[in-house]
Amino acid sequence: MIKRIAHYASCVSLALLLMGCGQLAHRLTTNVPETFIPNPLELPPAPDAFVWSQVVDAMDDYFRIAREQPVQNSDGIVLDGRLETTYQVGASLMEPWKKDSTPGFERLQSTLQSIRRRAIVTVRPQGAGYVIEVVVQKDLEDTDRNQYATESASNKRHDGTLIREQNRIDDTPQTLGWIPLGRDASLEQVILRDIFGRITQPDRN
């Protein structure tokens, strides 16, 4: 009886030990979730030319810049900065070097669907510092039919007669427009974290 109790106690102790080791290993191998960054985000005081150059340099890694108005916060001149990018087709799983689609759902969606994005960055002087807001808009392509459909609505008639268009070059789906999907918050977070790091830790670049 005593041996059985001792054996049971040793088994329980071993199980608790393994459980503790498993929890420790999980804590050591599990990445700590990144802190959510507010958007708009406050930036520390810095020369306006430096702040704007970091914003432009960071955005150039994600999108092609369409137009920009540099921020001014010196010599008594206070002017908001604004940067707009062109629309860019979302990077797929086959394009890991592109940064306009974040890993996970966004990149998978850009692989399976026709997604485009554009970004608007606004930098407002606030005292000696700044407030930056990043807005990434995401759209879904709306087509007349599926890409792999065997027939199109333009040449289908209910009386069984086929209409062949002589001037049509190919039979690819035609874009009807783009459906707004809202904002890509995950990419906004990545861009904000990138810009904040460039301004607060310039030596890392």
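Here, each number is a calculation from the coordinates, and none is a lab measurement. Please read all numbers here as calculations on a predicted model, not as lab measurements. With ideal geometry, Cβ positions are generated from the backbone for all residues, glycine too; neighbour counts draw on all protein chains shown.
Note the full-extension length gain between Ala49 and Val78 as 0.36 nm times their separation in residues minus their Cα-Cα distance, in nm to one decimal. Please list the in-between numbers first.
Working: separation 29, 0.36 × 29 = 10.44 nm, distance 1.26 nm.
Answer, rounded to one decimal: 9.2 nm.
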| said: Can you compute the modelled spin-label distance between Ile37 and Leu140, with each label point 7 Å from Cα toward Cβ, in nm? | reply: 2.8
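Using only Cα atoms, what Kirkwood radius does region 71-138 have, in angstroms? Show your work: numbers first, answer last.
Values: mean 1/r = 0.0725 Å⁻¹.
Taking every pair of different Cα atoms in region 71-138, averaging 1/r and inverting gives 13.8 Å.
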| field | Residue-span extension gain [Leu108 to Arg67] - 0.36 nm each, minus C-alpha spacing | value | 11.8 nm
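Quick one: if the Förster radius is 25 Å, what FRET efficiency do Thr86 and Gln174 give, using the C-beta to C-beta distance and rounding to 0.05?
Using R0 = 25 Å, I get an efficiency of 0.70.
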